[in-house]
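Student: Have a look at the structure that comes next, please.
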């Protein structure tokens with residue numbers, strides 16, 4: 001992973017509401033024996049303090065303990081008995097907030113990604129949180145991974161041309177979150193409107 005520079009830990013110290021749109025355009029990258037796989041992040045959702053949909057809402061549990069730890073670590077959970085989802089933990093220990101990575105553009109290691117998700121449409125490789133985890137083989141082994149350590153199995157790497165990427169694939173739009181029932185009316189989902197890898201397009205609350 002030496003070719004990638006992870007975002008620094010201070011990047012994750014603000015609220016998930018701040019970090020979620022700022023992650024757009026940076027790269028989610030996993031190290032594999034065949035080389036790095038992943039691509040630029042194009043869709044995120046924030047889960048914040050006082051949020052009934054946040055996994056930390058019931059308090060500390062064995063499942064969510066990573067959320068209560070330091071920022072800049074991966075919180076990976078299993079959902080619906082068949083999918084993993086990956087999040088970036090934000091704010092100081094004890095705050096337990098995170099950003100769900102909902103979609104990336106499949107750029108790195110496409111051959112490997114196709115091996116794990118045998119689909120004809122390239123967009124279907126990574127245009128959803130469960131899909132990208134399947135394609136990138138992100139599972140419980142990545143739970144707690146240090147996203148800020150270039151030696152880690154999973155990082156979020158800085159895109160030196162992030163603003164140009166956002167300009168090309170934008171605008172950044174804000175919508176309500178999808179796939180949840182609690183706090184479903186909160187405008188905490190962010191995506192790059194021009195990306196073909198966005199999981200689902202909703203009524204736009206705000207565009208930047």
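Student: Does residue 138 satisfy the criteria of being assigned to a loop (DSSP other than H, G, I, E, B) and modelled with pLDDT under 95?
Tutor: no
Student: Quick one: count up the residues across the stretch 87-110 that are free of Cβ contacts under 8 Å to residues at least 60 places away in the same chain and either over 13 Å from the mean Cα position of the chain (by Cα) or surrounded by fewer than 18 Cβ atoms within 10 Å (Cβ to Cβ) (or both).
Tutor: Of the residues in the stretch 87-110, the ones free of Cβ contacts under 8 Å to residues at least 60 places away in the same chain are 87, 93-96, 100, 110.
Checking the rest, the ones that are also either over 13 Å from the mean Cα position of the chain (by Cα) or surrounded by fewer than 18 Cβ atoms within 10 Å (Cβ to Cβ) (or both) come to 93-96, 110.
Of the residues in that region, 5 qualify.
Student: Run residue 96 past the list (1) under 21 Å from residue 10 (Cβ atoms); (2) at pLDDT 95 or above and report the number of the one that doesn't hold.
Tutor: Here residue 96 meets the rest and fails (2).
Student: Another question, then. Please determine, by comparing only the residues of the stretch 190-208 that are within 16 Å of the chain's Cα centre (by Cα) and modelled with pLDDT under 95, which one is surrounded by the most Cβ atoms within 10 Å (Cβ to Cβ). I'd like the intermediate steps shown before the answer.
Tutor: Taking the stretch 190-208 as the starting set, the residues that turn out to be within 16 Å of the chain's Cα centre (by Cα) are 190-192, 195, 197-200.
When the remaining residues are screened for being modelled with pLDDT under 95, the result is 199-200.
Numbers: 199: 20, 200: 14.
Among those that are within 16 Å of the chain's Cα centre (by Cα) and modelled with pLDDT under 95, it is 199.
Student: A further question follows. Is one or more of the residues making up the stretch 122-129 in a helix (DSSP H, G or I), under 25 Å from residue 12 (Cα atoms), touching a residue at least 40 places away in the same chain (Cβ under 8 Å) and under 12 Å from the mean Cα position of the chain (by Cα)?
Tutor: So the first thing to find is which residues in the stretch 122-129 are in a helix (DSSP H, G or I), and the list is 122-125, 129.
Then drop every residue that is not under 25 Å from residue 12 (Cα atoms), which leaves 129.
Still in the running and touching a residue at least 40 places away in the same chain (Cβ under 8 Å): 129.
Applying the additional criterion that residues be under 12 Å from the mean Cα position of the chain (by Cα) yields 129.
Looking through the stretch 122-129, at least one residue is in a helix (DSSP H, G or I), under 25 Å from residue 12 (Cα atoms), touching a residue at least 40 places away in the same chain (Cβ under 8 Å) and under 12 Å from the mean Cα position of the chain (by Cα).
Student: Quick check on this structure: which one of 56, 49 is in contact with a helix residue (DSSP H, G or I) (Cβ under 6 Å, 6 or more places away or on another chain), more than 27 Å from residue 160 (Cβ to Cβ) and in contact (Cβ under 8 Å) with a residue 12 or more places away in the chain? Break it down stepwise before answering.
Tutor: Numbers: 49 fails: in contact with a helix residue (DSSP H, G or I) (Cβ under 6 Å, 6 or more places away or on another chain).
Step by step, each of 56, 49 is checked, and only 56 is in contact with a helix residue (DSSP H, G or I) (Cβ under 6 Å, 6 or more places away or on another chain), more than 27 Å from residue 160 (Cβ to Cβ) and in contact (Cβ under 8 Å) with a residue 12 or more places away in the chain.
Student: Here's a follow-up. Within the group 139, 167, 146, which residue is surrounded by fewer than 15 Cβ atoms within 10 Å (Cβ to Cβ) and in contact with a strand residue (DSSP E or B) (Cβ under 7 Å, 6 or more places away or on another chain)? Working first, answer last.
Tutor: Numbers: 167 fails: in contact with a strand residue (DSSP E or B) (Cβ under 7 Å, 6 or more places away or on another chain); 146 fails: surrounded by fewer than 15 Cβ atoms within 10 Å (Cβ to Cβ).
Step by step, each of 139, 167, 146 is checked, and only 139 is surrounded by fewer than 15 Cβ atoms within 10 Å (Cβ to Cβ) and in contact with a strand residue (DSSP E or B) (Cβ under 7 Å, 6 or more places away or on another chain).
The values are calculated or read from the model by the stated rules, or taken from the named source; none is laboratory data. Just so it is clear, the model here is predicted, and its values are computed rather than measured. Methodologically, a virtual Cβ is constructed for each residue, glycine included, from the backbone with ideal geometry; neighbour enumeration extends over all protein chains shown.
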